[in-house]
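Written out below as structure tokens is the structure these notes cover.
The values are calculated or read from the model by the stated rules, or taken from the named source; none is laboratory data. Since the structure is predicted, the reported quantities are computational estimates derived from the model, not experimental observations. Here the Cβ positions follow ideal geometry from the backbone for every residue, glycine too, while neighbour counts run over all protein chains shown. Just so you know, the surface numbers come from the protein's heavy atoms only, side chains and all, with ligands and any DNA or RNA stripped out. Shrake-Rupley method; radii C 1.70, N 1.55, O 1.52, S 1.80 Å.
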Amino acid sequence: MDLKKQPTVCVIGGSAAGMAAAIYAARGGARVILIDGNEKLGRKIYATGNGKCNFLNIDQDRRHFHTSGDPAWIAEALDTLEPDFVLQFFNELGLPAVVRHESYYYPSNESAASVVSCLEDEIQRLQVQVILADRMRTLTAQNGRYNVLLRSGLAIEADRVILAMGGSASPKFGSDGSGYYYARNFGHTIEEALPALCPLKLEESGAVFSVWAGTRVSDACVTLLADGLPVCSERGEILFTNYGVSGIPVFQISGRAAIAIEKKQKVSIEIDVALDTEPTDAAEVYSEWEPYFGDRTVADQFSRIFPAKLIDALKSIPDKNKKMSDIGPAAFGKALDSLKHIRFRVFDTMGFEHAQVSSGGVCIAEIDPRTMESRLAPGLYLAGELLDVYGDCGGYNLQFAFTTGAIAGRSAAQRYADAEEDAL
């Protein structure tokens, strides 16, 4: 490429999407400037997957991605690149993947720090100019070019700008929601950002949370209800806390819980910690236990099967302080059934500070899914969590970030080259 005509692409945000965008724009022949407000790139990546960085999942059902817009947009965006794009990308960077927990892809050394370092190595190899500990103050467009003014006073002229500033989740890593402000300035509609993939705060009635705090149930089912109607269910390990509940199944439903709360619906959850038992089996179980354990209370016997702190905390177990010999099969069945229908009102999430991602963001109908270019402002691209898309736990959010970042970077460099060719 003629250096005199080499386009300048300015990437705002050293996120997963921003780093991928910088790499692909540079590979496309552009002069790239990558700006991040943190003192190092990829800060949020370090914390993903408990420091192991789960970046992809074998299960590619598009239902693992959520938006208030058209779900077909997500499929079109992800299908723009090869199905195994993320795996190929990291293989090229010298970081092969390994599968854990049946379907979760991690870097083979299970180190999030290695993911960041291999991205940084490629950014350095491609001679991307990196500016750290500085944030964008203003972004304006004039005569088909963009003017970026940083808080330090540095002014940058760019042919293309890619916004990859993240959403509002985990502000300690620099995601402060400012990307929404800049997108709105160019006419974009912003769907309200809400916490997603986070713990839930419950109303402390029917249990004493300080008693069950720290208790884990390795296999339980949690169902989200809005105005009394079931919305979704997830199964897995649940952690009971001094404010409510946490764990992957809770994270998976939290985004929809936040939306329901925002709509002023009555939100509750129902937890089943006795998945392998049915009340219809109670009579048989009771007849086996009562002759041997008749002197034990219901609570004492349940504590031999379920976490003792959970049984102690729950006030809703009927006859739990009565002896087994003092109740019959029917009463025992009701006590057992109460562990399949542990219901609490959800009054809030734990907020953006404890959320892995945010729902909401820039309206996807206003973005071309094949290029990530704004349909409202030519030459402006948006990628990653800034968009109104979020995924379930399991690597989906990083997959979306790396994929949309790569599309934006490649497209930003290519669009300029196409424009130059058309002008000849």
Scan of segment 359-376 for residues that are under 18 Å from Gly177 (Cα atoms) and either over 21 Å from the mean Cα position of the chain (by Cα) or free of Cβ contacts under 8 Å to residues at least 24 places away in the same chain (or both), ordered by number: none
Only one residue in Glu110, Glu82 is open to solvent by 10 Å² or more (accessible area, probe 1.4 Å) and either closer than 23 Å to Ala413 by Cβ or within 18 Å of the chain's Cα centre (by Cα) (or both), so which one is that? Glu82
Any residue at all in segment 323-346 that's closer than 19 Å to Tyr181 by Cβ and surrounded by fewer than 22 Cβ atoms within 10 Å (Cβ to Cβ)? no
Might you check whether a residue that is touching an Asp or Glu at 6+ places or on another chain (Cβ under 8 Å) and of a type in the set (Lys, Arg) occurs anywhere in segment 50-67? yes
Can you find, within segment 219-245, the residue that is least open to solvent (accessible area, probe 1.4 Å) among those that are in contact with a Gly (Cβ under 8 Å, 6 or more places away or on another chain) and of a type in the set (Gly, Ala, Ser)? Ala220
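Conditions (1) touching a helix residue (DSSP H, G or I) at 6+ places or on another chain (Cβ under 7 Å); (2) open to solvent by 40 Å² or more (accessible area, probe 1.4 Å), marked per residue:
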{"site": "Ile261", "(1), (2)": "no, yes"}
{"site": "Val267", "(1), (2)": "yes, no"}
{"site": "Glu278", "(1), (2)": "no, yes"}
{"site": "Trp289", "(1), (2)": "yes, yes"}
{"site": "Phe293", "(1), (2)": "yes, yes"}
What are the pairs with Cβ atoms under 9 angstrom where one residue, in segment 262-288, is part of a loop (DSSP other than H, G, I, E, B) and the other, located anywhere, is of a type outside the set (Lys, Arg) and open to solvent by 70 Å² or more (accessible area, probe 1.4 Å)? Sequence gap at least six, or different chains. Gln265/Asp227; Lys266/Asp227; Ala274/Ile305; Thr277/Ile305
Which residues, taken from segment 79-127, are free of Cβ contacts under 8 Å to residues at least 40 places away in the same chain, in contact with a Phe, Trp or Tyr (Cβ under 8 Å, 6 or more places away or on another chain) and hydrophobic (A, V, I, L, M, F, W, C)? Leu87, Phe90, Val98, Cys118
Just checking, which of Ala47, Ala25, Ala72 is surrounded by 21 or more Cβ atoms within 10 Å (Cβ to Cβ) and under 21 Å from Leu386 (Cβ atoms)? Ala25
Residue by residue through segment 218-271, note down the ones that are in contact with a His (Cβ under 7 Å, 6 or more places away or on another chain) and within 22 Å of Ile305 (Cα to Cα). Glu270
Limited to segment 347-375, what total is found for residues that are open to solvent by less than 60 Å² (accessible area, probe 1.4 Å) and either in contact with a helix residue (DSSP H, G or I) (Cβ under 8 Å, 6 or more places away or on another chain) or among the aliphatic types (A, V, I, L, M) (or both)? 16
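The rows are residues; the columns are (1) at pLDDT 95 or above; (2) closer than 23 Å to Ala257 by Cβ; (3) buried (at least 23 other Cβ atoms within 10 Å of the Cβ).
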residue: Pro171; (1), (2), (3): no, yes, no
residue: Gly179; (1), (2), (3): yes, no, yes
residue: Ala183; (1), (2), (3): yes, no, yes
residue: Phe186; (1), (2), (3): yes, no, no
residue: Cys198; (1), (2), (3): yes, yes, yes
residue: Ala207; (1), (2), (3): no, yes, no
Suppose we filter segment 207-237 for residues that are touching a residue at least 40 places away in the same chain (Cβ under 8 Å) and under 12 Å from Gln252 (Cα atoms); how many remain? 5
It is to be established whether one or more residues within segment 1-13 are small (Gly, Ala, Ser), closer than 17 Å to Ala408 by Cα and touching a residue at least 40 places away in the same chain (Cβ under 8 Å). yes
Elements of type strands (runs of 3 or more DSSP E) contained in segment 148-245, each with 3 or more residues being within 20 Å of Tyr390 (Cα to Cα): 190-196, 229-240
State whether the residues of segment 310-318 include one that is at pLDDT 95 or above and over 30 Å from Gln265 (Cα atoms). yes
Does segment 156-166 contain any residue that is among the small types (Gly, Ala, Ser) and open to solvent by 20 Å² or more (accessible area, probe 1.4 Å)? no
Which condition breaks for Thr371 when tested against (1) closer than 30 Å to Ala26 by Cβ; (2) outside any loop (DSSP other than H, G, I, E, B)? (2)
Would you point out the residue of segment 122-147, among those that are basic (Lys, Arg) and not in a strand (DSSP E or B), that is most open to solvent (accessible area, probe 1.4 Å)? Arg125
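Residues checked against (1) assigned to a loop (DSSP other than H, G, I, E, B); (2) out of contact with any Ser or Thr (no Cβ under 9 Å at 6 or more places or on another chain):
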site: Ala299; (1), (2): no, yes
site: Arg304; (1), (2): yes, yes
site: Ile311; (1), (2): no, no
site: Ile317; (1), (2): yes, no
site: Lys320; (1), (2): yes, no
site: Ala331; (1), (2): no, yes
site: Ala335; (1), (2): no, yes
site: Arg345; (1), (2): no, no
Conditions first: (1) at pLDDT below 95; (2) under 25 Å from Ala196 (Cβ atoms). Ile74 passes all but one, so which condition is the exception? (1)
